[in-house]
Amino acid sequence: MAVLPIRIMGDPVLHAPAAEVGEITDEIRTLVADMYETMDAAPGVGLAAPQVGVPLRLYTYTYQDDEGHPWRGVVINPTLWQRPLIPGGPDPEEESEGCLSFPGERFPLRRSEEVLVTGIDLDGAPVRIEVSGWRARIMQHEFDHLDGVLYVDRLDDGDWRTVQKIARKRGWNRPGQSWMPGVDDLDA
């Protein structure tokens, strides 16, 4: 297993829809193992293949279930259904999120409270994940990456302008930028 460089927001792979995974090969299994290693080193609660420069529809996730037990997995070729958003603006205390492709920053974003994700796992077996709260947020965030959408693309105008200023200042609005978890001095 290896830690992979994480692409930063200006990289074109982060802004294009990812392709479906065909056959689950040894290369896909190695990619997933490396993604777990990278996600843990960052540390993060999810990591989509485009974030490590691979334009395929799969992501890993890790958190805790409702009883505090580890909740970890991979979803390949996911489909996501979500309940409609609750009207109103996001609560900055309860609804802020960050992203390993825009490290060290957090912004409030309203997400659906409940989602259903289906797909397959590394063995080709069906996956069905029905979750709410923070785990639903993780599923939506990672699924967005597979469609070429970063969470910063969904922010209100004021926060979006702040993101653009930060990106220009740090050079993150240019293609080819990445950081290496455990090596680079970034607060993700």
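For the range 48-60, which residues satisfy the criterion of being crowded, with 18+ Cβ neighbours inside 10 Å and more than 11 Å from H141 (Cα to Cα)? Steps first, please.
Our first condition is that a residue be crowded, with 18+ Cβ neighbours inside 10 Å; within the range 48-60, this holds for 48-52, 54, 56-60.
A49, P50, Q51, V52, V54, L56, R57, L58, T60 - these are the residues of the range 48-60 that are crowded, with 18+ Cβ neighbours inside 10 Å and more than 11 Å from H141 (Cα to Cα).
Okay, residues lined up against (1) β-branched (V, I, T); (2) farther than 20 Å from W179 by Cα:
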{"site": "I24", "(1), (2)": "yes, yes"}
{"site": "E37", "(1), (2)": "no, no"}
{"site": "G53", "(1), (2)": "no, no"}
{"site": "T60", "(1), (2)": "yes, no"}
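Could you list, in sequence order, the residues of the range 11-47 that are crowded, with 18+ Cβ neighbours inside 10 Å and among the small types (G, A, S)?
Result: A18, A42, G44, G46.
Taking the condition of being open to solvent by 20 Å² or more (accessible area, probe 1.4 Å), in contact (Cβ under 8 Å) with a residue 40 or more places away in the chain and either part of a loop (DSSP other than H, G, I, E, B) or within 22 Å of E94 (Cβ to Cβ) (or both), how many residues in the range 108-140 meet it?
7
Does the range 1-49 hold any residues that are touching a residue at least 40 places away in the same chain (Cβ under 8 Å), of a type in the set (D, E, K, R) and assigned to a helix (DSSP H, G or I), and which are they?
R29
Yes or no: P90 assigned to a loop (DSSP other than H, G, I, E, B), in contact with a Leu (Cβ under 9 Å, 6 or more places away or on another chain) and closer than 30 Å to N173 by Cα?
Numbers: assigned to a loop (DSSP other than H, G, I, E, B): yes; in contact with a Leu (Cβ under 9 Å, 6 or more places away or on another chain): yes; closer than 30 Å to N173 by Cα: yes.
Answer is yes for this residue.
Identify, from the list W81, W71, the residue that is open to solvent by 80 Å² or more (accessible area, probe 1.4 Å) and either in contact with an Asp or Glu (Cβ under 9 Å, 6 or more places away or on another chain) or assigned to a strand (DSSP E or B) (or both).
Every option except W81 fails the conditions.
Residues of the range 161-188 being at pLDDT 95 or above and in contact with a helix residue (DSSP H, G or I) (Cβ under 7 Å, 6 or more places away or on another chain), which ones?
Of everything in the range 161-188, just one residue is at pLDDT 95 or above and in contact with a helix residue (DSSP H, G or I) (Cβ under 7 Å, 6 or more places away or on another chain), namely V163.
Can you say whether P55 is without any contact (Cβ under 8 Å) to a residue 40 or more places away in the chain, within 30 Å of D184 (Cα to Cα) and not polar (S, T, N, Q), as far as the supplied structure shows? Before you say what the answer is, go through the steps one by one.
On the way: without any contact (Cβ under 8 Å) to a residue 40 or more places away in the chain: no; within 30 Å of D184 (Cα to Cα): yes; not polar (S, T, N, Q): yes.
Considered against the rule, which asks whether it is without any contact (Cβ under 8 Å) to a residue 40 or more places away in the chain, within 30 Å of D184 (Cα to Cα) and not polar (S, T, N, Q), P55 comes out as no.
The values are calculated or read from the model by the stated rules, or taken from the named source; none is laboratory data. Everything quoted here is computed from the prediction, not taken from an experiment. Positions of Cβ are generated from backbone atoms using ideal geometry, with glycine treated the same way; all protein chains shown enter the neighbour counts. These area figures cover heavy atoms from the full protein model, side chains too; ligands, DNA and RNA do not enter into them. Shrake-Rupley method; radii C 1.70, N 1.55, O 1.52, S 1.80 Å.
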